[in-house]
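The next block holds one structure in the form of structure tokens; read it before the comments.
The values are calculated or read from the model by the stated rules, or taken from the named source; none is laboratory data. All values derive from a computational prediction rather than experimental measurement. Every residue, glycine among them, receives a Cβ derived from its backbone with ideal geometry; neighbour counts consider all protein chains shown.
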Amino acid sequence: MPTVLVLGATSDIAMAIAKKFAANHYAIQLAGRNTEQLKPLQSDIHVRYNIQCTIHSFDALAFSSHKAFFGSLTPMPDITVCVFGAMENEDNAFDDFESAHRMIDTNYTGAVSILNIAAKYYSSQKQGLIVGISSVAGERGRQSKLIYGSAKAAFSAYLAGLRNKLFKDNIHVVSIKPGFVYTKMTEELQLPKLLTAQPSEVANAVYNAVQKKKNTVYVKWMWRWIMLIIRNIPEFQFKKMNL
């Protein structure tokens, strides 16, 4: 039975991804900082799908612990899904570098740290698959997502480079760009229904992308064309826009 490691497993999106793979007969490794919070999900997967599901302590910001964490997994995962991320108030992040630093390290540095380790292992085995949850916010710098968007832009570039680097070793890397998603993190925001996905839609997109070995997936198809338009607005005009 193949095994999926879900990094940042306490988020709504991560929980939906874990359930989707469990429903399709994958063993699940749930990794996160708050292991107590993962126990109900573990029980649900056990009862609902009769699938092996284990819990592992993982902190995206504890970089020095990542190698030991990954090496301790039994069995070693066939698929690693990087879901963790952080989106703080952008005005605060602009004024307070500690806030900016947390967003950068969570959305980019921590992801690179753990995925480099997973990538090296998969490369040595000549098999494996990596999924990274990035964001459409990284496709063009905007004042409203100055720090978050730039970190996600870096993560998207990293995933693309990793896909290129690992291709010769038969390792596939998937980039997922959800756009807006209804989660606890966004529950106070007024989101456009047509452009906003449910966590289950993200999970379906991840699962299908893994099965078909897709490269970059927009969960809501409209985002591909919206971002194409935004990327092609001339800079002399774009810099004047309140986006």
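Looking across Val136, Val210, one residue alone is in contact with a helix residue (DSSP H, G or I) (Cβ under 7 Å, 6 or more places away or on another chain), surrounded by 14 or more Cβ atoms within 10 Å (Cβ to Cβ) and touching a residue at least 24 places away in the same chain (Cβ under 8 Å). It is Val136. Take the residues in segment 72-103 that are closer than 21 Å to Ile130 by Cβ, over 14 Å from the mean Cα position of the chain (by Cα) and touching a residue at least 12 places away in the same chain (Cβ under 8 Å), then tell me which one is surrounded by the most Cβ atoms within 10 Å (Cβ to Cβ). Only one residue fits best here, namely Pro77.
Look at (1) buried (at least 23 other Cβ atoms within 10 Å of the Cβ); (2) closer than 25 Å to Thr109 by Cα; (3) of a type in the set (A, V, I, L, M, F, W, C) and you find that Phe21 fails only one, number (2).
Just so you know, in segment 151-206 the residues that are farther than 13 Å from Val131 by Cα and aromatic (Phe, Trp, Tyr) include one that is surrounded by the fewest Cβ atoms within 10 Å (Cβ to Cβ), and it is Phe167.
Within segment 173-229, take every residue that is part of a strand (DSSP E or B) and at pLDDT 95 or above and give me the one that is nearest to Gly141 (Cα to Cα). Let's see the steps before the verdict.
If we filter segment 173-229 for residues that are part of a strand (DSSP E or B), which is where we start, we get 173-177, 180-181, 196-197, 216-218.
With at pLDDT 95 or above added as a condition, the list becomes 173-177, 216-218.
Values: Val173: 24, Val174: 22, Ser175: 19, Ile176: 19, Lys177: 16, Thr216: 19, Val217: 20, Tyr218: 18 Å.
The residue in question is Lys177.
Per-residue answers, yes or no, for (1) aromatic (Phe, Trp, Tyr); (2) in contact with a Ser or Thr (Cβ under 7 Å, 6 or more places away or on another chain):
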site: Ser64; (1), (2): no, no
site: Thr74; (1), (2): no, no
site: Ile79; (1), (2): no, no
site: Ala86; (1), (2): no, yes
site: Phe94; (1), (2): yes, no
site: Phe97; (1), (2): yes, no
site: Met103; (1), (2): no, no
site: Ile114; (1), (2): no, no
